[in-house]
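Read through the structure below, which is laid out as structure tokens, and then see the notes.
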Amino acid sequence: MFVVSFIPAFKDNYIWLLTEGKRAFVVDPGDAAPVQARLEADGLALEGILLTHHHADHQGGVAELAARWPVRVYAPGNESITGCTHPLSGGECIEVLGQPVRVMAVPGHTRGHLAYCADGALFCGDTLFGAGCGRLFEGTPAQMSASLASIAALPDTTRIYCAHEYTEMNLRFAMAVEPENTALQTRVASVAGLRAAGLPSVPSTLAEEKATNPFLRCQEPAVVAAALRQGATAREPVAVFAAIRGWRNNF
Ligand code: ZN
Ligand code: FE
């Protein structure tokens, strides 16, 4: 299994660096400069790029990196991506540094959004965040609910490598939804400790997200009740998800 580490970019992006010896892949290189600096510092050879979606803070560094390295660029085939060499639609199995990686279609944030799942690690871009989920820029609540359900079906020990450090902000919202959730209260304290020490809150595990992330808890009575107070039109999970997501947009 490759080793995963992160390269910070912009204000709160994580570019995930996968290495096997001196061979490297990166996930969502929104900026080429910090990636190039890390490759040089560690003497790494970049072999490929995995993109989850087309937003500039995820694909912005691809052209510059592809000009310097003979990379394979895996990306959603139905999104506008500069330099994509391997268009994907979900359901494929690709090989990354000798490791099989399963490609999942997780539309909602964007219409072609992909997640990459490898031996206990999920690179999910802007679909699932620590204690939150991505905004629905191009997809519907039904699509995002289905995407989150497919992630929730992975093993509980799966490490969730999302693309942004949004956990603290998301936890404030999660506490508004479920103030009585003790797992959530515990996570608020542990994430505050990590962030105060300058450490990332990512990756979390899927088990932690299932226990604390309101967007994975749309069948929990407390979340359903909160959604109804916010004007949810029904108790079924997609309606609950839509109401909670709408509330989060204005929180
Ligand atoms: Zn995005
Ligand atoms: Fe993003």
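The values are calculated or read from the model by the stated rules, or taken from the named source; none is laboratory data. Here the structure is a predicted model, which means the values were calculated and not measured. A quick note on method: Cβ atoms are made from the backbone with ideal geometry, for glycine too, and the neighbour counts reach across all protein chains shown. Note: accessible area is taken over every heavy atom of the protein model, side chains too, but ligands, DNA and RNA are not part of it. Shrake-Rupley method; radii C 1.70, N 1.55, O 1.52, S 1.80 Å.
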Per-residue SASA entry for residue 86, accessible area with 1.4 Å probe, Å² rounded to 10: 70
Starting from the Cα gyration tensor of segment 78-204, take the square roots of the eigenvalues, sort them a ≥ b ≥ c, and report rounded, prolate or oblate (rounded when a/c is under 1.5, otherwise prolate if a/b is larger than b/c, else oblate). prolate
Please determine, in degrees from 0 to 90 and to the nearest 10, the orientation of helix 237-249 with respect to the longest principal axis defined by the Cα atoms of the chain, where the helix direction is its Cα long axis. 80
Just how large is the dipole of segment 89-164 about the Cα centre, in debye to the nearest 20, putting +1 at every Lys and Arg Cβ and -1 at every Asp and Glu Cβ? 160
Only Cα pairs under 8 Å and at least 6 apart count here; give the relative contact order of the chain as a rounded whole percent. 13
Given a 1.4 Å probe, the accessible area of the chain per residue, as a whole number of Å², is 41
Segment 170-184-segment 190-217 distance, computed between alpha-carbon centres (Å): 12
Quick one: which residues, 5+ away or cross-chain, put their amide H under 5 Å from the amide H of residue 72? H built at 1.01 Å from N. 48, 49
Inter-part distance where segment 226-251 and segment 83-127 are each reduced to a Cα centre, Å: 28
Compute the acute angle (0 to 90°) between the alpha-carbon long axis of helix 182-196 and the principal axis of greatest extent of the alpha-carbon atoms of the chain; round to the nearest 10°. 40
Unit charges on C-beta of K, R, D, E only; dipole of segment 3-249, Debye: 380
Which one of 162, 181, 5 is farthest out on the positive end of the charge dipole of the chain, using unit charges on Cβ (Lys, Arg +1; Asp, Glu -1) and the Cα centre as origin? 181
With each label point set 7 Å from Cα along the Cα-Cβ vector, what nm distance links residue 186 and residue 33? 4.2
Per residue, how big is the convex hull around the C-alpha atoms of segment 3-249? Give it to me in cubic angstrom, could you? 112
Going from most exposed to least, what order do 216, 18 have by accessible area with a 1.4 Å probe? 216, 18
Full extension between residue 230 and residue 99 adds, at 0.36 nm per residue less the Cα distance, a length in nm of 42.7 nm
Degrees between helix 32-42 axis and first principal axis of the chain (Cα, 0 to 90, nearest 10): 60
Given the convex hull over the Cα atoms of segment 147-222, what projected area results after averaging over all orientations, in nm²? 5.0
